[in-house]
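See structure below.
Each value in this text was obtained by applying a stated rule to the coordinates, not by laboratory testing. Computed from a predicted model, the values in this text were never measured in an experiment. Cβ placement follows ideal geometry from the backbone for every residue including glycine, while neighbour counts extend to all protein chains displayed.
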Amino acid sequence: MPEKALALLLVALNVASFAAHALSATQSDTIVAMERTALDRWGKGDPQGYLDIYGPDVTYFDPMQSKRVDGLEAMRALLVPLTGKIKIDRYEMLEPKVQQHGDVSILTFNLVSHGRTPAGEAMVVRWNATAVYARRSGKWQLIHHHWSFTKPSA
């Protein structure tokens with residue numbers, strides 16, 4: 001009898017381990033999908049994709065800002081004037097990695113944006129990105145975003 005109990009315990013632990021891994025993979029996929037959806041809209045000149053997923057207490061860095069941007073209203077003031085002005089033909093999200101710690105997930109990736117200058121010339125911009133998501137009331141919100149330029153090739 002103890003052998004059957006041990007066997008059942010091992011099966012239960014394997015099932016629980018598989019379920020936890022599957023849940024984690026699904027949550028990682030959700031985070032990456034949220035970021036891609038916002039990027040898709042951004043590339044068409046629509047910052048609302050990000051504004052829809054930012055939390056009210058979002059913090060933000062990018063190389064065009066002289067200091068951290070704090071809060072959803074400040075992000076709205078920063079991004080809404082860019083509506084219709086951003087045109088990205090396509091992008092590549094390279095090596096997205098999601099690290100989950102309870103109700104917080106950290107997404108890091110490199111982004112290669114292929115777009116055009118206002119004069120119509122092809123342009124490629126390479127980015128490092130960090131996005132911190134928090135699950136609040138069962139919903140993921142982007143609470144910190146950090147963009148920086150990738151080190152240029154020599």
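Per-structure values
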| read-out | value |
| --- | --- |
| 18 Å cut-off, amide nitrogen to a point 7 angstrom out along Thr108 Cα→Cβ, residues in segment 134-154 | 134, 143-152 |
| Contour excess over end-to-end distance, with Cα ends at Ser137 and Lys44 and 0.36 nm allotted per residue | 30.4 nm |
| Partners for Lys151 among lysines (Cα-Cα distance below 30 Å; same-chain residues under 8 apart left out) | Lys44, Lys67, Lys85, Lys87, Lys97 |
| Nonlocal amide H pairs with Tyr54, under 5 Å, H built at 1.01 Å | Leu142 |
| Leu72-Glu95 pseudo-label distance in nm [points 7 Å out on the Cα-to-Cβ vector] | 3.4 |
| Mean Cβ neighbour count within 10 Å, used as a protection proxy, ranking 31-43, 57-69 highest first | 31-43, 57-69 |
